[in-house]
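Comments concern the structure below.
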Amino acid sequence: MEQVIVAIGANLGDRLKSFQKAAHFLSELSDSPIKLASIWESEPVGPAKYTFLNSAIQITTDLSPGRLLKKLKEFEKLAGRTESTRWGPRILDLDIISYGNLVIDNDTLIIPHPEYQRRLFVLLPMQELIPDWCDPQTGKTIQDLIESAPGMEIKKTDISW
């Protein structure tokens, strides 16, 4: 069993409903109760025009990283996500940020996620779930990563799951 952090984001449609459906889906993949971070709002990165809701969910699973990724992508499509430009608008985005202490870098999957260190909308929710986490590649703490991340507009919401 591995502890996995999945980042979640949405900027189209009923964002909260997408989050709730994703949490339910992830709870079915988890071998223990999932943990939910607060929901944050952030300005888009790239060409998207609408603000994002972001959060993170911690699950415990025995699914392989590749199998988990496949299930996440299948669920995104079921939720209505369509192919778009990189960093474009989306109904739902689910990314594996960390999978235990594994480091993976192949054609289909990179763990830890290659962009997470520059994304406060990933780091801040992640810190709520695993405040003592360290990047298995660099050894940097989550607090170190937050302090060195580029500034961006982000705020914790009062939206509850």
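Below are the figures for this structure:
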{"read-out": "Karplus-derived 3J(HN,Hα), 6.51/-1.76/1.60, for each residue of region 20-26, Hz, glycine and proline x", "value": "5, 5, 5, 4, 5, 4, 5"}
{"read-out": "Extension gain, Met1 back to Ser27 (0.36 nm per residue minus Cα-Cα distance, nm)", "value": "7.9 nm"}
{"read-out": "Whole-number percent relative contact order across the chain, with pairs defined as alpha carbons under 8 Å at least 6 apart", "value": "31 percent"}
{"read-out": "Estimated 222 nm signal from helices in the chain, with DSSP H stretches of n ≥ 4 weighted -39500 (n - 2.57), rounded to 500", "value": "-9000 deg cm²/dmol"}
{"read-out": "Cα pair distances exceeding 19 angstrom across the chain, given as percent", "value": "51 percent"}
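Read-outs throughout are calculated quantities, based only on the coordinates presented, and are distinct from any laboratory measurement. Only a predicted model underlies this, so the values are computations on that prediction, with no experimental measurement involved.
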